[in-house]
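Q: Below is the structure I would like to discuss, written out as structure tokens.
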Amino acid sequence: MFLTPEEQFVIIKKGVDKIVDEQELRAKLERSFKKQQPLTIKLGLDPSAPDIHLGHAVVLRKIKQMQDLGHHAIIVIGDFTGRIGDPTGKAKGRTALNDDTVKKNAQTYCEQIFKVLDKNKTTVRFNSEWLAKLSFEEVIQLAATTSVARLLEREDFQKRYKQHVPIGMHEFFYPLMQAYDSVELEADIELGGTDQTFNILMGRNLQKQRGIEKQVAIFMPLLEGLDGIEKMSKSLGNYIGVNEAPEMMFKKVMEVPDALIVKYFELATDEHPLQVQAIQDKLQKGENLRDLKLRLAEVITTLYHGVAAMKEARTYFEAAFQRKEIPKNIPVLLLEIDKERVEDILPQLVAMDYIQSKSEFLRLIKQNGVSLNGEKLALDDLSRVLMNDDVIQIGKKRFLKLNK
């Protein structure tokens, strides 16, 4: 049974940057409520960067909230458009992905999106299903629906044009093909980040030209990472990955800047708007920031790992970072050979996201930031042989037990 259209509207609007347009959304919700028929929500995913973090999950969380209201999501994996590469925000053209990479990334995406979305209310489609079947005549007709001047309104194309950076003709087709996806699916709503504004609005325009009811465009703000400044990004190291171990996720959420607590509740959780407002009120009344951040860490870790894992992660955090103890049940690194030295495990530490690189590890050693069984390591200790049950501490927050 659907909530009333107004109740749904309040939940959908939480944390949203912009809706185009609100009256159309209200009308769709009214019709859906009267007919008790779900709306079709579209999200396009470019399979070029398959590791999802909380920044990517902002849009997924909004779709999950709409699924909880009774609506159905169609996830469009851009296996065909991925062969072009989304030029959004790029200073130059992107290298096209080959079929094997697209398929591998798409599989990884599908595994991760269902950490957020309701599988029973989600359909996954690949846009090669319809785009690969278009004749050259149909492609020309599609190109005729817009002008070069309109495409050059895009900020990234505009900059490249002014700076005499080449723009391939094929790049102009990316927003057109994404728009055609909306025509094919007859989407009621399309979601995306604010960096996808041009592409998603193209979908509305093309639907109108084809005599299809226009989709409502919902744009979510970009989520700043743990540095509090830049957009969350794995390359910047300021991210929280949805696949990270619960204790790592919990401690990273505890590092969220104080000024972003409310924004993370809005964009990275499914908390009701009234609950978010209550948290904002507590902040204004001077409630302890640490308590609010603990609640945020509990909510986010529970979303991705469940209550039991969250409780263990909180116990780990309290032991390691509040009481400064070596916590129980810390992650284990298996030594691959009988006598492995400190420097030999650095690739594994990078793979486990314990360090960004060997150079970072060396810098931490110089700053007395790496310990073995409570003893600070020096650069001379890189050749030290590791033993069974040794515990490495990296910085103040990362522990690892070694086993053979």
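Q: Mind computing the radius of gyration and Dmax over the alpha-carbon atoms of the range 152-199? Å is fine for both.
A: 12.8, 38
Q: Would you mind calculating the relative contact order of the chain from Cα pairs under 8 angstrom and at least 6 residues apart, reporting the percent as a whole number?
A: Normalised by residue count, the contact order of the chain is 15 percent.
Q: Past 19 Å, Cα to Cα: identify those pairs from Lys252/Lys358; Lys64/Lys234; Lys62/Lys121; Lys14/Lys214; Lys251/Lys396; Lys13/Lys234, in the order given.
A: Checking Cα-Cα distances, Lys252/Lys358; Lys64/Lys234; Lys14/Lys214; Lys13/Lys234 exceed 19 Å.
Q: Report, to two decimal places, the Cα Rg of the range 214-321 normalised by 2.2 N^0.38 Å (N = number of residues).
A: Rounded to two decimals, the normalised Rg is 1.10.
Q: Amide H neighbours of Val370 under 5 Å, at least 5 residues apart or on other chains, H built in the peptide plane: list them.
A: Here the answer is Leu377, Gly395, since their amide H atoms fall under 5 Å of that of Val370.
Q: Continuing with this model, one more query. Run the dipole for the chain about the Cα centre, Lys and Arg Cβ at +1, Asp and Glu Cβ at -1, nothing else charged, and hand back the magnitude in debye, nearest 20.
A: 400 debye
Q: Principal axis extents for the range 24-72, Cα atoms only, whole Å, descending order, please.
A: 40, 17, 16
Q: Volume per residue, Å³, of the convex hull around the alpha-carbon atoms of the range 196-240?
A: 83 Å³
Q: Ignoring everything but the protein chains, give the 1.4 Å probe accessible area of Val102 in square angstrom, nearest 10.
A: Estimated to the nearest 10 Å², Val102 gives 10 Å².
Q: As a test, work out the antiparallel percent of DSSP beta bridges whose residues both lie in the chain, rounded to the nearest 5. Could you put the intermediate results ahead of the total?
A: Working: 15 of 36 bridges.
Within the chain, antiparallel bridges account for around 40 percent of the total.
Q: Another question, then. Give the residue from Val148, Phe173, Gly211 lying farthest towards the positive end of the charge dipole for the range 113-245; charges sit on Cβ (+1 for Lys and Arg, -1 for Asp and Glu) and the dipole is referred to the Cα centre.
A: Val148
Q: Something else about it: Could you give the length gained by full extension between Ala143 and Lys119, i.e. 0.36 nm per residue of separation minus their alpha carbon distance, to one decimal place?
A: Net length gain for the segment: 5.1 nm.
Q: I'd like the accessible area for Met352, computed on protein heavy atoms only with a 1.4 Å probe and all protein chains in place. Round to 10 Å², please.
A: Accessible surface of Met352 is approximately 70 Å².
Q: Suppose R0 equals 45 Å; then what is the FRET efficiency for Val307 and Trp130 from their Cβ-Cβ distance, rounded to the nearest 0.05?
A: Result of the calculation: an efficiency of 0.60.
Q: Moving to a separate point now. Going by alpha carbons, how many degrees (0 to 90, nearest 10) lie between the helix axis of 289-305 and the longest principal axis of the chain?
A: Approximately 70 degrees, to the nearest 10.
Q: Given points 7 Å out from each Cα along the Cα-Cβ axis, report the Glu30 to Asp344 separation in nanometres with one decimal.
A: Output for this residue pair reads 7.2 nm.
Q: Relative to the present Cα-Cα distance, how much length would full extension add between Gln209 and Thr194 at 0.36 nm per residue of separation?
A: Between Gln209 and Thr194, full extension yields an extra 3.0 nm.
Q: Subtract the Cα-Cα distance of Ala278 and Arg363 from 0.36 nm times their separation in residues, and report this length gain in nm to one decimal.
A: Full extension from Ala278 to Arg363 adds 26.3 nm.
Q: Between Tyr239 and residues 5 or more places away or on another chain, which pairs have amide H atoms under 5 Å apart, with H built 1.01 Å from N, and which residues are they?
A: Residues meeting the criterion, in which the H sits 1.01 Å from N, are Leu226, Ser233.
Q: Work out, in µm²/s and without decimals, the Stokes-Einstein translational diffusion coefficient of the range 123-275 at 10 °C, 1.306 mPa s, Rh from Kirkwood over C-alpha pairs. Could the numbers behind the result be given before it?
A: Numbers: Rh = 18.4 Å.
Diffusion coefficient, whole number: 86 µm²/s.
Q: Would you please report the Å³ per residue occupied by the convex hull of the alpha carbon atoms in the chain?
A: Measuring per residue, one finds 173 Å³ for the Cα hull of the chain.
The values are calculated or read from the model by the stated rules, or taken from the named source; none is laboratory data. Remember, predicted model here, so these are calculated numbers, not experimental data. Glycine also receives a Cβ, built like all others from the backbone with ideal geometry; neighbour counts cover every protein chain displayed. For accessibility, only protein heavy atoms count, side chains too; no ligands or nucleic acids. Shrake-Rupley method; radii C 1.70, N 1.55, O 1.52, S 1.80 Å.
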